[in-house]
1. Any residue that is out of contact with any Cys (no Cβ under 8 Å at 6 or more places or on another chain), at pLDDT 90 or above, within 30 Å of Val170 (Cβ to Cβ) and acidic (Asp, Glu) - is there at least one of those in region 122-129?
2. Scan region 524-543 residue by residue and report those that are in contact (Cβ under 8 Å) with a residue 60 or more places away in the chain and within 14 Å of Phe500 (Cβ to Cβ).
3. What number of residues within region 400-422 satisfy the criterion of being crowded, with 19+ Cβ neighbours inside 10 Å and polar (S, T, N, Q)?
4. Scan (1) among the acidic types (Asp, Glu); (2) touching a Leu at 6+ places or on another chain (Cβ under 9 Å); (3) within 30 Å of Trp482 (Cα to Cα) for the single condition Asp337 breaks and write down its number.
5. Report yes if Asp397 is in a loop (DSSP other than H, G, I, E, B), of a type outside the set (A, V, I, L, M), within 18 Å of Lys218 (Cα to Cα) and not assigned by TED's automatic domain parsing to the domain that holds Ala362, otherwise no.
6. Quick check on region 78-101. Is at least one of its residues at pLDDT 90 or above, of a type in the set (Asp, Glu) and part of a loop (DSSP other than H, G, I, E, B)?
7. Tell me, please, whether a residue that is out of contact with any strand residue (DSSP E or B) (no Cβ under 6 Å at 6 or more places or on another chain) and closer than 30 Å to Asn451 by Cα can be found in region 199-212.
8. Which condition number in (1) touching a residue at least 24 places away in the same chain (Cβ under 8 Å); (2) surrounded by fewer than 19 Cβ atoms within 10 Å (Cβ to Cβ); (3) over 16 Å from Asp613 (Cα atoms) is the one that Leu162 fails?
Amino acid sequence: MKRFFYAILAALAVIACETKPQEEQLSFSVTPSSVSFKASDGSAKLLNISTNGNWSVSATDNWIHLDKTSGTGNGAVTVTVDENGGEARQSSIRLQATKGSKELSSTVSVSQEESGNHPVVPSPAAFDGNKRASTTYQLLVYSFADSNGDGVGDFNGIASKLDYLDGLGVTALWLSPAHPTSSYHGYDVNDYNALNPAFGTEADFKSLIDKAHEKGIKIYMDFVLNHSGANHPWFKSVKEDPKNSPYRDYYVLSTGDYPSSATGGMGGWHSLGDGNIGYDGRLKFEVTFSGGKPARVTVTQTTEAPTGNVSNPKVWIYTGDNLPMKETDGGYELVADIHTSWGFLVRTSTTSWDNNTKWGAAAGKTAITFGQPLSLTSNDPQDIVFGETTSYYASFDGSMPDLNYGKPSECQHSAAFKATVESAAKWVNMGVDGFRLDAVVWVYGASATDNARFLKQWYSAVNEAYKAAGHADDIFMVGEAWYNGHGEEAKYYQGLPSCFEFDYWGKLKNAVNGTASGYASAVMGFIADHAAQRGSTAPAAITSFHMTNHDQDRAAGELGKDLAKEKQAAAMLLTTPGKPFIYQGEELGYWGTKSGGDEYVRTPILWDKAGKDCAKKGVNNKVDNSMLKAGISVEAQLEDENSLLAFYQSWSRLRNTYPALATGEMTKTSISGSTIASWYMSTGEQKLLVIHNGAGTEKTVSVSDSMAKPVALLGTATTSGNELTLGAHSSVVFEL
């Protein structure tokens, strides 16, 4: 028995030694199995983990955030999400538990509701290369591009930059005056039938025209109708022999009372220098007062003794020297030996030349007759002279004498009319497509009726030459009718198919500064008024819109050099109907004021970062070097997709792509908001909705039209149902 018992114990011991201990089971559960969030939910969700092992957790997408990524035993994980700015989204959280060789996993689904605001993502139609718009680029020949290194812009320089201009989407170039001149700016023309040799030859000009036409770009010349230069052979002939010159009738001349119609501008009457207007001999001057001011002067020839010394004089006769007058019971008198080649003035001060201390003759009444009193004036006083002289009128200054076209009803028969038409015809026959007419309000002294009658005849004569050159359409011609605002400018459409709307810039500037609601109505009003004045006359009225030009402070400076505003101003110009003009450097953000001279708003283009081709000599080297730095150059801006230049290129391409923008009609929308400018552009079956927010803050408006097809966006925009939220200085265009 004992032997049997011990055998059993030994067997059990062997069995016990061969049996391994049993491994503990892994437990793992996660609640809840799904979590959901609002679009802008800032709350946190809690995941409860129950396990007897180790655990880890990770999110599938980076918009889901976890406060822990691992732990041991029971625990909790806090889940948060980013705000959703788009459509509804779903993802998951992966969890895993391990214990020894045991491994279990679980998944928690995560969902987030869609945002109330969907970002606007434009998808414009591809540009097919057909430039449908009529955008014109104003360039200054002397400062645009220099081809030969002499510092002055020229025709070949322009030709070398046609790819740049084509990239801006322009269909025409307005060139500053290209004729021979005595100034840098060219508005004192010395020969209407020739070209400024500093710019190149006629062959160079013809080559520019032909190369521009190959790219679908027309050429408009600046034509100065109101006046010529004082160095024009016509005027030089008149100066040499005023009475017998064959060109006497080309200018507004007078030897006595000046024509009242020849007034306006910034100028006045100027002597040709003919005639004996001075005096050598003894004279007696008598000045009488009225209301405490000099009123009349009488001059007589005399043999009386000179006045001699005068104590504490109060009035002087000025002939180059101040000759003191003696006070008398009736006024003041002087007897003196006079030697003057020009005449005299009466002065009540020897230290001031203000008009209230300087007295002379009224315009047209300058010659004094011995023994007869002459009325005095301090309002633009003219020299009092002793003999007849011929004077000429200049609306601006003496270097630009006004041309004389005779009576408005007979202007087409005048020699000046025929000569200027003949000149225009020469350039038309060379290939010029149109003209910008300078200072048309002063041709007949700011009389809109007379000026329009003249312009109608001049346009008709040049248009006849244009058609004779083989053109089926009508020539384009735009007038600078800058005088007393839109109401006066509109009248010039009775004579021309287009004029610059100078009141437009004020409306545009207000719009991008936050006062935008009246913009569309103002633009539609401009266009309607022009059409009404034009009536049924062919060709139809074309409103020419622009920001600023060579005579105005720069747009960028007016907008505080604010790039967002500069872009929006361009966006509004390029989505507005009519014919837009872009001024040289505007697309680069040039600033400048006229305070230091006109040259500072006529700055040359900085083509490359080094500035080696900058035509600074063309503006007498008067440039703002703090602006003309590498960053503003064409080279730098072409490298920057967010530059102002890139924006101009993009939105000009948009205008050329969509006929509704290029040639469409503007109509009102029901969208409201003081900072919002909105309108429809329509042509044929195409209709676009244009909306601009001119405020410096985000604005939301209700839109009844579909916003499913955005084609252009400046800034930021989101939609939610029928609501559109536009960021500060943001603009959007929808195709309907």
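The values are calculated or read from the model by the stated rules, or taken from the named source; none is laboratory data. This structure is a prediction, so every number in the text was calculated from the model and none was measured. Don't worry about glycine lacking a Cβ; one is built from the backbone with ideal geometry, like all the others, and counts go over all protein chains shown.
1. Yes, region 122-129 has at least one match.
2. Listed by number, the residues that qualify are Ile527, Ile542.
3. Of the residues in that region, 2 qualify.
4. (3)
5. In short, no.
6. yes
7. no
8. (3)
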